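First comes the structure, then the notes that go with it.
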Amino acid sequence: MIKEVILATGNRHKAEEIKSILKDLNVEIVPMTSFSNYPVTAEDGATLEENASKKAKEAAKFFKKWTIADDSGLEVDYLNGKPGVYSARYAGENCSYDDNNKKLLAELKNVSEEKRTAKFRAVIAVASPEGKIFLVEGKIFGIIKERAAGTEGFGYDPVFYIPQYEKTFAELGCEIKNSISHRAKALQKVKEIIKDLSNSQLSL
Ligand code: ITT
């Protein structure tokens, strides 16, 4: 049985979402930030897959426990997939979410609505204590609004508009976001992996 899984993220918003989405899994989700010491992985990969694998593997080896890590980003079609893997630091090192949203809206100034299509993509890596990796992905399509709207969520949520709901992620709130998001879709697959591992000989 897998009784606990380390959550390798330094982003408290992500950690909250992941814990909430995985709450029905019969496994304790332990944020690595609850320990006084944890590895800080250099996110120097060229893809979300590389970074997610690296974060999960380093923490799994450090704690000698099953670990999950999320690397995610916003891919805007008009910007040829940018900010993508650089979503966290689009406006520069140590920039705020607000700085990123302002830069994005400036890059899309005067771009018509039909050209403002985008997707959020989350890649989640599940790593064994020995460093074996399982990778899953989730996506959600939307449109970049001309102005930020809403106060919930984090990151690009105020500018990411879901036509089906006629609201941005930041207006929708966490309950709906966590039922339809890129992260929710990837984590449904994580649940299956963890259940299968728990039932198999691979598990601890
Ligand atoms: P960790 O690496 O420690 O997990 P991080 O914030 O550095 O935290 P990433 O490198 O995966 O995480 O960067 C993801 C960025 O993409 C994040 O900082 C946001 O700017 C954006 N992002 C990802 N998922 C998002 C979501 O659900 N809503 C809004 N923005 C999101």
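The values are calculated or read from the model by the stated rules, or taken from the named source; none is laboratory data. The shown structure was predicted, so the numbers you read here are calculated from the model rather than taken from an experiment. Don't worry about glycine lacking a Cβ; one is built from the backbone with ideal geometry, like all the others, and counts go over all protein chains shown.
Among the criteria (1) modelled with pLDDT under 95; (2) in contact with a Leu (Cβ under 7 Å, 6 or more places away or on another chain); (3) among the basic types (K, R), the one K195 does not fulfil is (2). Mind listing just one residue for me: the one in the stretch 139-161 that is near the ligand (Cβ under 9 Å from one of its atoms) and touching a residue at least 60 places away in the same chain (Cβ under 8 Å) and, of those, surrounded by the fewest Cβ atoms within 10 Å (Cβ to Cβ)? Filtering first and then ranking leaves F154. Among the residues making up the stretch 17-37, a single one is in contact with a strand residue (DSSP E or B) (Cβ under 8 Å, 6 or more places away or on another chain), hydrophobic (A, V, I, L, M, F, W, C), over 11 Å from T67 (Cβ atoms) and within 14 Å of the ligand (Cβ to nearest atom): I18.
The condition of being under 23 Å from K23 (Cβ atoms) and surrounded by 15 or more Cβ atoms within 10 Å (Cβ to Cβ) holds for only one of R121, R183, that being R183. When G45, G84, G73, G92 are screened for being in contact with a Ser or Thr (Cβ under 6 Å, 6 or more places away or on another chain) and within 28 Å of F160 (Cα to Cα), only G73 passes.
Against the conditions (1) of a type outside the set (A, V, I, L, M); (2) more than 19 Å from R183 (Cβ to Cβ); (3) in contact with a strand residue (DSSP E or B) (Cβ under 9 Å, 6 or more places away or on another chain), F120 satisfies every one except (2).
Specify the residue that is farthest from the ligand (Cβ to nearest atom); the eligible residues are those in the stretch 111-128 that are touching a Phe, Trp or Tyr at 6+ places or on another chain (Cβ under 8 Å) and hydroxyl-bearing (S, T, Y). That would be S128. Residue-level analysis places A106 outside the set of residues that are more than 30 Å from K57 (Cβ to Cβ), within 12 Å of the ligand (Cβ to nearest atom), modelled with pLDDT of 95 or more and in a helix (DSSP H, G or I).
Picking from K14, K54, which residue would you name as being within 11 Å of the ligand (Cβ to nearest atom) and closer than 21 Å to Y97 by Cα?
Sole residue among the options that is within 11 Å of the ligand (Cβ to nearest atom) and closer than 21 Å to Y97 by Cα: K14.
Return yes when V136 is more than 11 Å from the ligand (Cβ to nearest atom) and part of a strand (DSSP E or B) and no when it is not. Answer is yes for this residue. Per the conditions (1) hydrophobic (A, V, I, L, M, F, W, C); (2) assigned to a helix (DSSP H, G or I); (3) crowded, with 21+ Cβ neighbours inside 10 Å, the sole criterion not satisfied by F62 is (3).
Here N178 clears all of (1) in a helix (DSSP H, G or I); (2) away from the ligand (no atom under 11 Å from the Cβ) except the condition numbered (2). For T9, the conditions (1) surrounded by fewer than 16 Cβ atoms within 10 Å (Cβ to Cβ); (2) assigned to a loop (DSSP other than H, G, I, E, B); (3) polar (S, T, N, Q) are fulfilled apart from (1).
For the stretch 149-171, a residue qualifies if it is under 20 Å from the mean Cα position of the chain (by Cα) and among the acidic types (D, E), and the qualifying residues are E152, D157, E171.
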